[in-house]
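The values are calculated or read from the model by the stated rules, or taken from the named source; none is laboratory data. This is a predicted model, so every value here is computed, not measured. Note that we place each Cβ from the backbone using ideal geometry, even for glycine, and neighbour counts take in every protein chain shown.
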C-alpha cells in the first residue's frame, strides 16, 4: 500500500506502541494491568490511572501477524469449540498462557527455519535467482522464517533457571501483541456482544482475577429509554466502587473529566478523519481506517490519541490540496465495507479491489466509534450505541448515512463467521441498502481472525460480481444524464 | 386415568403442537408464542391467554429462513423463524422475543421485520445484573413493557390478583415437573427417555393448569409403583434441548435411563419458582434473579467454577454414572462453558461425552455408536 508514511500515521502508530509498552513497564514494576473489551467505558479506568490492554485489538494484531490459526487451534485444544468467535479463541488461548513461538533446536539454541517461508532471492538487477540444482527460484535467506509452534508460559515458568528457560522465553514471538502482559483484572462491557460476557468470565476463572462488568442490554428502539440509562448509571457507580477497592484509590473526578474530554476530542477527530472519505476521489484508502481503529480502541481517553488524529487530519488536508491519496491506484468505484476485515487475509482482500479500482470509502466503525457526549447520562447513551447493541433501524440509518455522505456505488458485506450478532441481520440490511439507495450489494464468507473460514475464490467472484453491477449502474446513470 | 393413557396424551401433544394450537383457536383463545429463554409466561397466563413455547422443530427443514440467516446460526432459532415464515404459526396472536444470546439479538429484529404485517412482536431484553436492586428494577421495567404489550393483545388489564394467581399456576406446573423428573428416574422402567421427554416437552404447548393437573395425576400413578429394579445405566443429560424422539430412542434401546437433566428446555426452565406473596412483578423479577448455574447468565463469582461444579454434583446426587452433553451446533454460550464443565466433571470423576447435534439432523448413526460405546465404559 502507501510507501511513504505520513506524520499522522506515524503518530497514531506510536500511540498504540506506547500503550503496550507502558503496560509492559507497569507490569514489570508490579503495578496492576487490566484487560478490557473494546467498548468498555475506558473513562472509568483512566480516572484511576490504570494500564489497560484490549484483547480484541490484540487478537486482530495476532491474526494480522498470521498467528490467528495456530492460536485458535490452541484454544480448541483447551476445549473451546471452533464455532466460537476467533478473537475470543485467540484471547482465551493467550489468557491460558499459550504463546506463538519460534521453533527451537534446544541443542544448538537456533531457530528451525521453515523451508517454505521467505521471498525469492533477487540479483542486483532485480531478477529472480534460479537454483541450478532444483531449477526453482532460490529463497532470500533474510526473509525466511522459523516454524511457528505453541509454547506455554506456565510450563516455561516451571522450568529450573537455566539455558532452556531463557531460550524458550526468548523464542516467544517479539511483536507487541504476543508480549502483552497477563491481566490482574478484567473490564467487560457486553454492548459489543454477549459472547464477551462468557469470554471474560472464562479469563477471570483462568487467571483467578476480579471481573468488572457493565451490562448493556440489547436495544429494540433507536432511542435509549430512561430505564436503560438508570440501569447502566447504577452499574457505573458499582464499577467505580469495585475499582476503588481494586486500586485502593479514591475515584478522581478531575482525571475522569479529563479522560472524558479526551475521549470526546478523539471521537470528534476520528469523525473528521473519517469524513475525508467524502471527497471524491478520496485522499486515503478506507482500509487505513481499520488500522487507525486501534487508537480509538486502545487510547481514546488519552490526549496523545486525540492529538495524533489531528495530525492525520492535517496530512489528509495536505493530500486534498496536492490531489494525492494513500490509495495506491486510481479510484474508479467507491464501496462500503461492511463488518470487521479478515485480518489474516488483508492482502487477499485488497487485491481484487486494487485490480478493479475499488476504494473502500465507508466503514461502519466511523459512526460506531465517533460518539460525543456532554454529561454522564449522555455518556451512558453513547455506550449503548455499539454496532451489535442497536436495533436494525439504527444500524441501517448509520450505514445509509455514511453510504450517502461518502458517495458509495456498492456495498461489500463480510459474513463474519466469528460474529453472529453482527452477521445476524445483514441479509435484511442488504435488501434495505438496495431498496433505499439503489446500490448493489455482494456478500462473502470470511472470518475476522481464523483464516480457515475465508474462501478466496468465492471472495474474488463476489467482488467481480459487485464490480459488474456497479459498472452497469454507472452506465445506466451516464445514459440518463445524457 | 392409567399411566399409559396419560403418557399417550402427553406424547400426542408433544408431537403435534400445531393441532393443539388450532384447538385453542377454535375454542376462541388467544395464544402467545414464547421464544427461549426465561420469558415471564406468568404474564401471558394472567392476561387470560395461552403461552406456547417455540423451540424450533425436529421435523422441518430450513428454507425460507435462509432469506434472513447465514448458515452458521443455531437451528432452533432458524427453525422458529421458518415456522413463522411458512405459516405454521399464523394462528398466534403475538410472540415474545427474548434476546439473551447473540443469536437471539439479531433474530429479534429479523422476526419483527418478517412479522411486521402478521404478528405483534414483544421485545424482551433481560439484564445480566439480576440480583442488585438496580437489576431487579430493570427486570421489572422490561416485564412492564411485556405486560403492556400483552394487555394490548388481550384487550384486558392484567391485575395484580390475576398475576398472583398465574404465579401460583406456574409454580404448580414447575413443582409437578420437578417431582416428575425425580419419579421418572425412580421409575425409569416405565418412563423411558422418549416418554420422559414427551411429558416435559408437552408443558410448552399445554395450558398450564391443564398440564399441571394431568402431570400431578401421572405423578400420583407413578408414586404407587414399585421403584424400578434397573439393571441398565443411568446418565444425566445436558444441553439446550434434547427432545428428538429418534435420538432419545438410542437411550431406550441401550438400557440407558435419564436420572436428571441440565437441559435448558427441561429442568433449567423449571428450577426456580416465583414468590406468591408481595408485589407480583417484583416476584417475577426476583425469580429471574434467582436463576443460577446458567450458561446464558452472568455469574458474579466468575472466578469460581460454580456451574461446572453444580452440574458435576447433580450427576453424583442423581445416582447417574455419567453425563451426556448434547452440544447444540453454533451455540456460543454452551460452547464457551464447556472447558470448565469438563474440568469439573473430570475432577469429580464423572465420565461424559459431548455429542454435536442440531435440529436438522435426521441420521443418528454416529450418536448411536458414541452412546453405545459410552454406556459400555460406564
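Given the conditions (1) closer than 24 Å to residue B:139 by Cβ; (2) within 14 Å of another protein chain (Cβ to nearest Cβ), report the number of the one that residue B:309 does not fulfil.
Result: residue B:309 fails condition (1) only.
Counting only residues that are within 24 Å of the chain's Cα centre (by Cα) and under 25 Å from residue A:204 (Cα atoms), give me the helices (runs of 4 or more DSSP H) lying completely in segment B:294-378 with at least 1 of them.
Answer list for segment B:294-378: B:306-318, B:332-347.
Please go through segment A:186-220 and pick out each residue that is assigned to a strand (DSSP E or B) and touching a helix residue (DSSP H, G or I) at 6+ places or on another chain (Cβ under 6 Å).
Of everything in segment A:186-220, those that are assigned to a strand (DSSP E or B) and touching a helix residue (DSSP H, G or I) at 6+ places or on another chain (Cβ under 6 Å) turn out to be A:186, A:188, A:211, A:212, A:214.
For segment B:145-174, how many residues are closer than 22 Å to residue B:28 by Cβ and either in contact (Cβ under 8 Å) with a residue 40 or more places away in the chain or part of a helix (DSSP H, G or I) (or both)?
13
Picking from B:128, B:142, which residue would you name as being part of a helix (DSSP H, G or I), facing chain A (nearest Cβ under 10 Å) and either within 30 Å of residue A:387 (Cα to Cα) or at pLDDT 95 or above (or both)?
None of the others qualify; the one that does is B:142.
Residue-wise test of (1) closer than 30 Å to residue B:48 by Cα; (2) surrounded by fewer than 17 Cβ atoms within 10 Å (Cβ to Cβ); (3) in contact with a strand residue (DSSP E or B) (Cβ under 8 Å, 6 or more places away or on another chain).
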{"position": "B:191", "(1), (2), (3)": "no, no, no"}
{"position": "B:218", "(1), (2), (3)": "yes, no, no"}
{"position": "B:229", "(1), (2), (3)": "no, yes, no"}
{"position": "B:235", "(1), (2), (3)": "no, no, yes"}
{"position": "B:261", "(1), (2), (3)": "no, no, yes"}
{"position": "B:269", "(1), (2), (3)": "yes, no, no"}
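Name every residue in segment A:238-253 that is more than 9 Å from chain B (Cβ to nearest Cβ) and not in a loop (DSSP other than H, G, I, E, B), in order of residue number.
Residues satisfying the conditions are A:239, A:240, A:241, A:242, A:243, A:244, A:245, A:246, A:247, A:253.
Being crowded, with 20+ Cβ neighbours inside 10 Å, closer than 17 Å to residue A:360 by Cα and free of Cβ contacts under 8 Å to residues at least 60 places away in the same chain: is that true of residue A:293 here?
no
Identify, by number, the condition in (1) assigned to a helix (DSSP H, G or I); (2) surrounded by fewer than 22 Cβ atoms within 10 Å (Cβ to Cβ); (3) within 14 Å of another protein chain (Cβ to nearest Cβ) that residue A:354 doesn't meet.
All conditions pass for residue A:354, except number (3).
A quick yes/no check of all residues on (1) out of contact with any strand residue (DSSP E or B) (no Cβ under 8 Å at 6 or more places or on another chain); (2) away from chain B (no Cβ under 14 Å); (3) touching a residue at least 60 places away in the same chain (Cβ under 8 Å):
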site	(1), (2), (3)
A:62	no, yes, yes
A:72	yes, no, yes
A:99	no, yes, yes
A:107	yes, yes, no
A:115	no, yes, no
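Looking only at segment A:275-290, filter to residues that are in contact (Cβ under 8 Å) with a residue 60 or more places away in the chain and not in a loop (DSSP other than H, G, I, E, B); which one of those is surrounded by the most Cβ atoms within 10 Å (Cβ to Cβ)?
Ranking the candidates gives A:277 first.
Keeping to segment A:390-429, report how many residues are more than 30 Å from residue A:82 (Cβ to Cβ) and outside any strand (DSSP E or B).
So the count comes out to 16.
Need pairs with beta-carbon distance below 6 Å; first residue buried (at least 24 other Cβ atoms within 10 Å of the Cβ) and within segment B:121-135, second at pLDDT below 95 and in a helix (DSSP H, G or I); sequence gap 6+ or separate chains.
none
I'd like the full set of residues that are closer than 19 Å to residue A:401 by Cα and either in contact with a strand residue (DSSP E or B) (Cβ under 9 Å, 6 or more places away or on another chain) or assigned to a loop (DSSP other than H, G, I, E, B) (or both), limited to segment A:370-383.
Across segment A:370-383, the qualifying residues are A:370, A:371, A:372.
If you go through segment A:434-446 one residue at a time, how many are under 23 Å from residue A:84 (Cβ atoms) and not in a strand (DSSP E or B)?
0
On the basis of being in the same structural domain as residue A:50 (by TED's automatic domain parsing), within 15 Å of residue B:99 (Cβ to Cβ) and part of a helix (DSSP H, G or I), does residue A:228 make the cut?
The answer is yes for residue A:228.
All but one of (1) in contact with a strand residue (DSSP E or B) (Cβ under 7 Å, 6 or more places away or on another chain); (2) buried (at least 23 other Cβ atoms within 10 Å of the Cβ); (3) part of a loop (DSSP other than H, G, I, E, B); (4) away from every other protein chain (no Cβ under 14 Å) hold for residue A:449; state the number of the condition that does not hold.
It is condition (1) that residue A:449 fails.
List the strands (runs of 3 or more DSSP E) inside segment A:1-115, counting only whole elements, that have at least 1 residues being within 18 Å of the chain's Cα centre (by Cα).
A:33-36, A:51-53
Out of everything in segment A:385-412 that is within 11 Å of chain B (Cβ to nearest Cβ) and over 17 Å from the mean Cα position of the chain (by Cα), what residue ends up being surrounded by the fewest Cβ atoms within 10 Å (Cβ to Cβ)?
A:393
Considering A:194, A:208, which residue is surrounded by fewer than 24 Cβ atoms within 10 Å (Cβ to Cβ) and at the interface with chain B (Cβ under 7 Å from one of its Cβ atoms)?
A:208
This table checks each residue for (1) crowded, with 23+ Cβ neighbours inside 10 Å; (2) under 28 Å from residue A:341 (Cα atoms).
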{"position": "A:19", "(1), (2)": "yes, yes"}
{"position": "A:22", "(1), (2)": "no, yes"}
{"position": "A:29", "(1), (2)": "no, no"}
{"position": "A:50", "(1), (2)": "yes, no"}
{"position": "A:65", "(1), (2)": "no, yes"}
{"position": "A:68", "(1), (2)": "yes, yes"}
{"position": "A:72", "(1), (2)": "yes, yes"}
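I need a count of the residues in segment A:214-237 that are within 16 Å of residue A:389 (Cα to Cα), touching a strand residue (DSSP E or B) at 6+ places or on another chain (Cβ under 7 Å) and facing chain B (nearest Cβ under 7 Å).
Residues flagged as within 16 Å of residue A:389 (Cα to Cα), touching a strand residue (DSSP E or B) at 6+ places or on another chain (Cβ under 7 Å) and facing chain B (nearest Cβ under 7 Å) within segment A:214-237 amount to 1.
Scan segment A:143-183 residue by residue and report those that are touching a residue at least 12 places away in the same chain (Cβ under 8 Å), assigned to a helix (DSSP H, G or I) and touching a helix residue (DSSP H, G or I) at 6+ places or on another chain (Cβ under 7 Å).
A:156, A:168, A:169, A:176, A:177, A:178, A:179
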